[in-house]
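The values are calculated or read from the model by the stated rules, or taken from the named source; none is laboratory data. None of the values given here were measured: they were computed from a predicted structure. Because the Cβ atoms are built from the backbone with ideal geometry, glycine has one as well, and the counts that use them run over all protein chains shown. Side chains included, ligands, DNA and RNA excluded: accessible areas come from the protein's heavy atoms. Shrake-Rupley method; radii C 1.70, N 1.55, O 1.52, S 1.80 Å.
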Amino acid sequence: MSGSEKKKGRYARLFARLGEAGEGAFIPFVMLGDPNEGESEAIIETLIESGADALELGMPFSDPIADGPVIQTAANRALEAGITPDDCFRIAANIRSRHEDIPMGLLVYANLLIGRGPESFYERASASGLDSVLVADVPTVEASAFARHALASGIDPVFIVPPNASDDKIREIAGLTKGYAYFLGRAGVTGADREMAAPVSSRVELLKRAGSPPVVIGFGISRPLHVRAAIESGAAGAIAGSATVAIIAENLGDPEKTREEVARFVRVMKSGTRRLG
Amino acid sequence: MEISNGAFGEFGGMFVPEILVPTLTELAAAFEEALRDPAFMAEFDGLLREYAGRETPLYRCRNLTAGTKATIYLKREDLLHGGAHKTNQVIGQVLLARRMGKTRLIAETGAGQHGVATALAGALFKMRTRVYMGSKDMERQAPNVWRMRLMGTEVMPVETGSRGLKDAINEALRDWSASYEDTHYLLGTVAGPHPFPTMVREFQRVIGREAKRQIMVAEGRLPDAVFACVGGGSNAIGMFADFIDEPSVRLIGAEPAGHGLHTDKHGSTLEKGRPGILHGSYSYVLQDENGQIRESHSISAGLDYPGVGPQHSYLHRTGRAQYIGITDAEALDAFTLLSREEGIIPALESAHALALALKFAMEDKEPRLYVVNLSGRGDKDVDQVMPHIKLEVR
């Protein structure tokens, strides 16, 4: 890989490669430390082996207001296992030490950054091999200090594009978000019980025209046909959180079966990223 | 912290998922417009008068202060319709919700007082109403659960986290992030994202405005201090707001010290917390060293909250107001004492404020004039308090 290739960043390299192959990205989300540190790391390894193109990793927080019951419960499992932000960074660093190229994003709530200080939090994220950080409860209007510290540490600040964003807001987010834009498939909190809403292609198109990095769709993605619909609407990928985490919840106490089921899920979801014909 | 919206010094802001920002921005604009609309304010004042029973009396305690040099007046928000100060701002917000074309209300409640106030407003304005309430609070405030249901409100038990007020707010925010198109979230305190801390203060300001006028009539001077209990802080801000620019008046908030500040069973956010982000604003928060929110404790469900409104953080940081802990035991003593001495059963929340004023009164060497916000009545607490208080049967 040339120096300039490397400088482009892992997300840019991934989306360029998939674009040439005519594929979208499948990005599973899991909570770091769910159900405990060791199993969590093994599950993440399985995600990668089974074909995940990138990873979205949650840092457990006591009061996750953007999350539905499945991901709340995952955070509780991790917290009850004693998982701290330091443990999360260690898991990420371990994964990075074995996988140089896979893009890894962190999803976190603001108070976890405040405690450590945003500057040192982003430094630590960067040192742990993370590529991006999305702060679920910091909207663009409050984001300037966060984004500045992120960029200074070489972390891509990722912003959410909600379905109710005005055209102006979409253009603003297109300029602020780095690495990728996280497009919400529907209103509400995370969860696979409600499917992503109908056509989003005009909003995705508007983001692209405004110069956004690749658009990834999340919320309500639980089946390969959702992934396909996301790709066909012009997105570069799809994130499945609650559907992935639910597999861990359903197989607690049986790590082997968890990994088997997770592997099967990733393979089937990845198949939805390949364009037909 | 750099804050763009609704800043109180370094505190406040709008720290919510992006999806709620358009709704909050619309709410802030509607609120600003309504404040300047004489017709809106006339309807608000009219309802406060004819429906809620304002103005509430300012009552001078006859017996309570015997043996001290203090004169204590009680601002009788306990006599407001609904049984607590909560009704004031609920009427303001429901009028605003109607003005914005919303047809459904959601709210959180701790002690159930805000839930009851929201339920009565929902009934009055014929809006579908759902109140989120921690299942722990539903147990200790069963009569209020029944009152809400009687008025046609759906009470949703919250089983997550500590099953208290904090968790009820989480659930209400989650509901709102899917329902904002037809739903107004009637947040019950001066915490939360902008514009709630400002809006709720303005709708509660009437408490201090009346008290100031009433004390001038009764005593011909301003009080030396005003006291109020602080959970999220709405009754305290309502009492403080018109006195903030009166430097001779001390502003004193009673925080719930629970089992004592040397234990971890308390809710004294300003004394024992540090700044962080909970429920949409940058303010003091009870949290562990990693930033996980800690469970608070108070005998009083309405004060059992690990956060506090951002303006209180500002008043604390600048020293304009002081916040002092009152333990469960001290609040229970004040609860009993006010019942005995004046024939007024206070809410456990308000008993914290009274206990603090009495502490000051005991230590004062000079005659002092105090106003205590008696924010709610204690009927709701009787079942819970009974096992704690041994009565002499005469």
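Quick notes
- Residues satisfying the stated conditions in segment B:136-170, i.e. closer than 20 Å to A:Arg77 by Cα and either modelled with pLDDT under 85 or away from chain A (no Cβ under 14 Å) (or both): B:Gly161, B:Ser162
- Residue check for B:Glu255: part of a strand (DSSP E or B), under 30 Å from B:Tyr59 (Cβ atoms), away from chain A (no Cβ under 14 Å) and acidic (Asp, Glu): yes
- A:Gly179 being at pLDDT 95 or above and not charged (D, E, K, R): yes
- Out of B:Phe15, B:Phe31, sole residue that is modelled with pLDDT of 95 or more, more than 14 Å from every other protein chain (Cβ to nearest Cβ) and open to solvent by less than 50 Å² (accessible area, probe 1.4 Å): B:Phe31
- The one condition in (1) free of Cβ contacts under 8 Å to residues at least 24 places away in the same chain; (2) touching a strand residue (DSSP E or B) at 6+ places or on another chain (Cβ under 7 Å) that B:Ile19 fails to fulfil: (1)
- Residue within segment A:127-134 that is open to solvent by 10 Å² or more (accessible area, probe 1.4 Å) and within 13 Å of chain B (Cβ to nearest Cβ) present: no
- All of B:Gly276, B:Gly238 fail the test of being within 14 Å of another protein chain (Cβ to nearest Cβ) and in contact with a helix residue (DSSP H, G or I) (Cβ under 9 Å, 6 or more places away or on another chain), apart from B:Gly276.
- Subset of segment A:147-160 [touching a residue at least 12 places away in the same chain (Cβ under 8 Å), more than 9 Å from chain B (Cβ to nearest Cβ) and not in a loop (DSSP other than H, G, I, E, B)]: A:Ala147, A:His149, A:Ala150, A:Leu151, A:Ala152, A:Asp156, A:Pro157
- Test: residue in segment A:20-37 that is in contact (Cβ under 8 Å) with a residue 60 or more places away in the chain, part of a helix (DSSP H, G or I) and open to solvent by less than 10 Å² (accessible area, probe 1.4 Å): no
- Conditions (1) within 23 Å of A:Leu55 (Cβ to Cβ); (2) open to solvent by 10 Å² or more (accessible area, probe 1.4 Å); (3) out of contact with any Pro (no Cβ under 6 Å at 6 or more places or on another chain); number of the one not met by A:His149: (3)
- Matching strands (runs of 3 or more DSSP E) fully within segment B:143-234 where at least 2 residues are open to solvent by less than 10 Å² (accessible area, probe 1.4 Å) and under 28 Å from B:Tyr282 (Cβ atoms): B:183-185, B:225-229
- Sole residue being under 25 Å from A:Arg13 (Cβ atoms) and open to solvent by less than 50 Å² (accessible area, probe 1.4 Å), chosen from A:Gly211, A:Gly218, A:Gly191: A:Gly218
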